[in-house]
1. Do any GluC sites (Glu not before Pro) in region 118-183 lie in a DSSP loop with no more than 13 other beta carbon atoms within 10 Å, and if so, which?
2. Less than 12 Å Cβ to Cβ from Ala114, Lys/Arg counted +1 and Asp/Glu -1: what total charge do the surrounding residues give?
3. What list of whole percents do you get for P(r) of region 15-57, with Cα-Cα distances grouped in 10 Å bins up to the one holding the largest distance?
4. Ignoring ligands, DNA and RNA, what percent of the accessible area of the chain is carbon or sulfur (1.4 Å)?
5. So who's got an amide H within less than 5 Å of the one on Phe117, skipping anything under 5 residues away but keeping other chains? H placed 1.01 Å off N, in plane.
6. Quick one: compute the contact order of the chain, relative version, from alpha carbon pairs under 8 angstrom and 6+ residues apart, as a percent.
7. Which of the following values of semi-axes √(5λ) of the Cα gyration tensor in Å was calculated from the structure shown: (i) 54, 20, 14; (ii) 52, 22, 14; (iii) 24, 20, 17?
8. Going by average Cβ neighbours within 10 Å, how do the peptides 163-170, 69-76, 37-44 rank, with the highest at the top?
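The values are calculated or read from the model by the stated rules, or taken from the named source; none is laboratory data. The model shown is predicted, which means the values in this text are computed figures rather than measured ones. Note: ideal-geometry Cβ built from the backbone for every residue, glycine included; neighbour counts use all protein chains shown. Note: areas computed on protein heavy atoms with side chains; ligands, DNA, RNA excluded. Shrake-Rupley method; radii C 1.70, N 1.55, O 1.52, S 1.80 Å.
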Amino acid sequence: MTLIELAAEQKSAEVTDWAARLGWVAGLLLFIALVYWLMRQGWKWRGSLQSGLPDLPTAPGAPGAPLLTMSGRYHGSTTAGQWLDRIVAHGLGTRSRAELTLTDAGLDVVRPGARDFFVPAGQLRGARLDKGIAGKVLAEGGLLVVTWEHGGTLIDSGFRSDTAADHTAWVEALTSMNNASTTEGTAR
């Protein structure tokens, strides 16, 4: 083949159809915005369904000396025994850092950037090590799940300590606190 024949066979690159490409990009962005809006509406709807849950208690002025403290993450709350039924009312669905303090008065949960709450000792029902709660699955025993009662509803709240070895001490302390309050309640 000669140089002239080669030049005749070469074709220029195809021209990009920018209008079609921009149309697809705009359609994709609209779809993503729609999905985000639907997720937000679902979150609001779940919150309105759970509006019967009373306001969360706040910590008393003098809760007493701390029995245990823990810093870590709060992963959310669910209806007890239903690890996928997330509770979003009153900010309980918001994940955040958490500082937990257990006193004789109860469990104080301080969450920077989210709403703090307090669980009175009489409402604590127990604790266990578990592997998951709505939206978070860890290795077996990697999550401290505290069960408590609020407004007639049993709630499981999931926490993960910065040092996972702390979990066992928390389970023992919360279980013994629950047994002591149960014993006191029946003795009266």
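1. Sites meeting the loop and neighbour criteria: Glu140.
2. +3
3. All Cα pairs, binned at 10 Å, distribute as 24, 24, 20, 15, 10, 5, 1 percent.
4. Percent of accessible area from carbon and sulfur atoms in the chain: 60.
5. Excluding prolines and chain starts, which carry no amide H, the hits are Val109, Arg111.
6. That works out to 19 percent.
7. Entry (i).
8. Final packing ranking: 69-76, 163-170, 37-44.
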